Amino acid sequence: MTGPNPLQKYFRQPKIYIDLPSKGIYYETGSTQGSSTNTPIFGMTGMDEIIMKTPDALFSGESTVKVVQSCCPHIVNAWKMPSIDVDCLLVAIRIASYGSKMDVTHRCPNCQSINDYTIDLTEVLTYLSTQQYDNAIDCGDLRIIIRPLRYEEITKFNIENYKLQKMLSQLNRLESSGDDEGTLKAQTEIYQRIGDMQIDLFEISIEHIETPDGNVYDKEYISDWVRNSDKDYFVNIKNKLEKNKQQWDIPTQAVQCPECEHQSQVVITMDQASFFARS
């Protein structure tokens with residue numbers, strides 16, 4: 001093969017342009033290229049569609065990484081993208097691939113009838129792209145500066161939590177069957193590991209801590225403080241992380257049942273296997 005590809009003019013082109021919610025902040029050096037505003041988003045290729053329906057790749061996070069890097073060339077290493085950009089990018093890729101309208105099925109909580117609705121994803125995209133991340137927690141003399149987790153960190157925690165919950169479920173079945181030898185001890189160890197994971201998550205989320213005597217960046221010092229500080233600090237960090245998570249969840253959509261006219265909310269889930277489907 002020599003010379004330019006005569007089919008190059010038929011290659012896919014950007015379908016939409018978005019401003020990343022992070023504005024390019026929180027990425028490691030070298031994980032992005034170009035501007036984080038007016039970022040081009042391409043529709044998925046045939047291979048991207050296949051990847052988004054591969055269970056192992058979905059579970060490991062590999063599918064999301066490959067598709068984001070395919071459809072948003074601005075992001076060179078999607079494992080490093082901050083969590084606040086993930087849903088926005090996936091919604092934008094879905095719009096670029098299938099259009100802004102998405103059909104959803106919802107059971108009315110009042111009359112139990114099952115109805116179909118059409119959701120405009122551009123409203124979701126506008127909401128996500130205009131949010132601002134609040135990274136400061138004021139606790140007395142301390143100001144704790146946090147950052148959103150990276151996609152690789154979220155994936156690692158989710159996989160580990162899934163494994164622990166599965167082990168816990170198996171132990172509960174053993175206990176209910178009367179085989180409780182060593183079960184209580186194993187359950188206690190699992191709960192301890194789940195608790196340690198939450199502490200680890202807090203430590204990773206903290207970029208630095210501002211004190212009257214100066215700023216502390218050393219991770220070992222921060223880890224030591226997290227594990228030995230008053231519970232009020234722990235509660236403040238926990239509440240801030242939960243508040244930020246809720247802020248960056250995809251907002252529910254108001255719908256009205258055509259049968260009984262009851263109004264309710266539809267939750268749009270980011271289950272990629274179903275979200276990245278034509279209908």
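What to note about this one:
- Candidate set: segment 171-193, residues that are touching an Asp or Glu at 6+ places or on another chain (Cβ under 9 Å) and surrounded by 13 or more Cβ atoms within 10 Å (Cβ to Cβ); chosen: the one modelled with the lowest pLDDT: 174
- Among the criteria (1) farther than 27 Å from residue 124 by Cα; (2) more than 28 Å from the chain's Cα centre (by Cα); (3) modelled with pLDDT of 90 or more, the one residue 257 does not fulfil is (1).
- Of the set (1) without any contact (Cβ under 8 Å) to a residue 60 or more places away in the chain; (2) closer than 21 Å to residue 154 by Cα; (3) open to solvent by 60 Å² or more (accessible area, probe 1.4 Å), all apply to residue 207 but (1).
- Qualifying residue in segment 222-236 (condition: among the aliphatic types (A, V, I, L, M), more than 30 Å from residue 55 (Cα to Cα) and in contact with a Leu (Cβ under 9 Å, 6 or more places away or on another chain)): no
- Within segment 35-46, the residues that satisfy the criterion of being under 20 Å from residue 22 (Cβ atoms) and open to solvent by less than 20 Å² (accessible area, probe 1.4 Å) are 36, 39, 41.
- From 168, 125, 142, residue being within 18 Å of the chain's Cα centre (by Cα) and either modelled with pLDDT of 90 or more or not small (Gly, Ala, Ser) (or both): 125
- Residue list for segment 260-274, restricted to those being under 21 Å from residue 110 (Cβ atoms) and either open to solvent by 70 Å² or more (accessible area, probe 1.4 Å) or at pLDDT 90 or above (or both): 260, 261, 262, 263, 264, 265, 266, 267
- Listed conditions (1) part of a loop (DSSP other than H, G, I, E, B); (2) within 19 Å of the chain's Cα centre (by Cα) are all met by residue 6, apart from (2).
- Just so you know, in segment 225-242 the residues that are free of Cβ contacts under 8 Å to residues at least 24 places away in the same chain and surrounded by 11 or more Cβ atoms within 10 Å (Cβ to Cβ) include one that is nearest to residue 195 (Cα to Cα), and it is 235.
- Just one residue in the set 194, 250 is aliphatic (A, V, I, L, M), under 25 Å from the mean Cα position of the chain (by Cα) and part of a helix (DSSP H, G or I); that residue is 194.
The values are calculated or read from the model by the stated rules, or taken from the named source; none is laboratory data. If you're wondering where the values come from, they're calculated on a predicted model, not measured in any experiment. Note: ideal-geometry Cβ built from the backbone for every residue, glycine included; neighbour counts use all protein chains shown. Note: areas computed on protein heavy atoms with side chains; ligands, DNA, RNA excluded. Shrake-Rupley method; radii C 1.70, N 1.55, O 1.52, S 1.80 Å.
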